[in-house]
Amino acid sequence: MSTYHADVPELLDRRDGPYGEVALRRRGPHFEIIANGTFLMDTADGRSERVLITAALDALDEPRGAHVLIGGLGVGFSLAEAARDRRPGRITVVEREQAIIDWHTAGDAPLAPFAGEGHADPRAGIVHADLLEHLRSTGDRYDALCLDIDNGPDWTVTASNDSLYGDKGLDLLDRTLADKGVLAVWSAAHSPAFEARLRARFGRVEVIEVPVHVERGVPDVVYLSSRT
Ligand SMILES: C[S@@+](CC[C@H](N)C(=O)[O-])C[C@H]1O[C@@H](n2cnc3c(N)ncnc32)[C@H](O)[C@@H]1O
């Protein structure tokens with residue numbers, strides 16, 4: 001029998017991969033993902049990860065049948081929200097870490113419960129790929145691009161993700177976004193420079209703050225952009 005102490009994490013798995021080490025830890029009742037030495041996500045809350053999906057769908061003129069891309073599987077909160085919603089017609093999750101996909105789908109799959117009905121939903125599928133590579137190569141145009149691959153534009157998990165938030169990355173996103181589509185980007189804090197780049201390119205930009213349950217913590221932010 002093991003005893004859990006909230007302040008002492010238990011290492012459940014760790015893997016070395018092309019983007020550094022990814023580790024899954026349990027802390028009391030919660031799981032957390034550490035990637036390349038950066039705390040990425042835990043299962044404690046998930047409100048802003050759900051807002052990433054609902055705000056994007058609510059902003060679409062015609063959300064029914066929408067093709068939603070979720071950038072980054074993580075613990076699966078965003079996937080759970082998309083699957084809970086009847087509006088999307090197709091849900092594509094792009095995740096680059098095989099370990100994270102395995103923690104959802106292989107063996108006792110400790111993260112699967114946090115993805116709700118996402119893994120059983122016939123509308124949903126996981127693509128094992130780097131998001132930037134996927135955006136370069138896909139022939140699809142998405143109605144909602146819901147991106148949460150980093151702690152934010154100013155706090156990326158690997159340097160290779162930096163370009164997503166610059167002009168070249170926004171070119172890629174522009175190309176893969178349907179004409180009346182919505183781009184939603186999650187961040188753990190405001191990023192004035194990124195917001196300015198969005199405003200220079202998109203006709204409509206909304207900044208949504210989601211309070212966090214951490215004493216003195218700054219709100220999470222979802223940047224919502226569309227052409228009109
Ligand atoms: C913060 S978590 C995602 C949280 C997710 N919204 C949720 O509800 O759990 C970030 C995820 O993005 C993945 N990721 C990071 N960079 C990526 C990239 N370039 N392409 C695809 N996935 C990436 C990480 O491996 C991790 O699973």
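For the chain, treating each Cα as an identical point scatterer without solvent, what Debye log10 I(q)/I(0) comes out at q = 0.09 1/Å? After summing over all Cα pairs, the log10 values are -0.34. Label-to-label distance, residue 120 versus residue 19, with points set 7 angstrom from Cα along the beta-carbon direction: 2.9 nm. Computed from the C-beta positions of residue 133 and residue 86, the FRET efficiency with R₀ = 30 Å rounds to 0.45.
Annotation: for a label point projected 7 angstrom from Cα along Cα→Cβ of residue 208, residues of segment 126-148 with backbone N closer than 15 Å are 144-148. Across segment 7-50, the convex hull enclosing all Cα atoms gives 83 Å³ per residue. Start at zero, step by 5 Å, and the Cα-Cα distances of segment 134-214 spread as 3, 14, 25, 28, 18, 9, 3, 1, 0 percent across the bins. With 0.36 nm allotted per residue and the present C-alpha distance subtracted, the residue 160-residue 38 stretch has 42.5 nm of extension available.
All of the numbers you see were taken from the coordinates with simple rules; none came from a lab. Because the structure is a prediction, the values reported are computed rather than measured. Note that we place each Cβ from the backbone using ideal geometry, even for glycine, and neighbour counts take in every protein chain shown.
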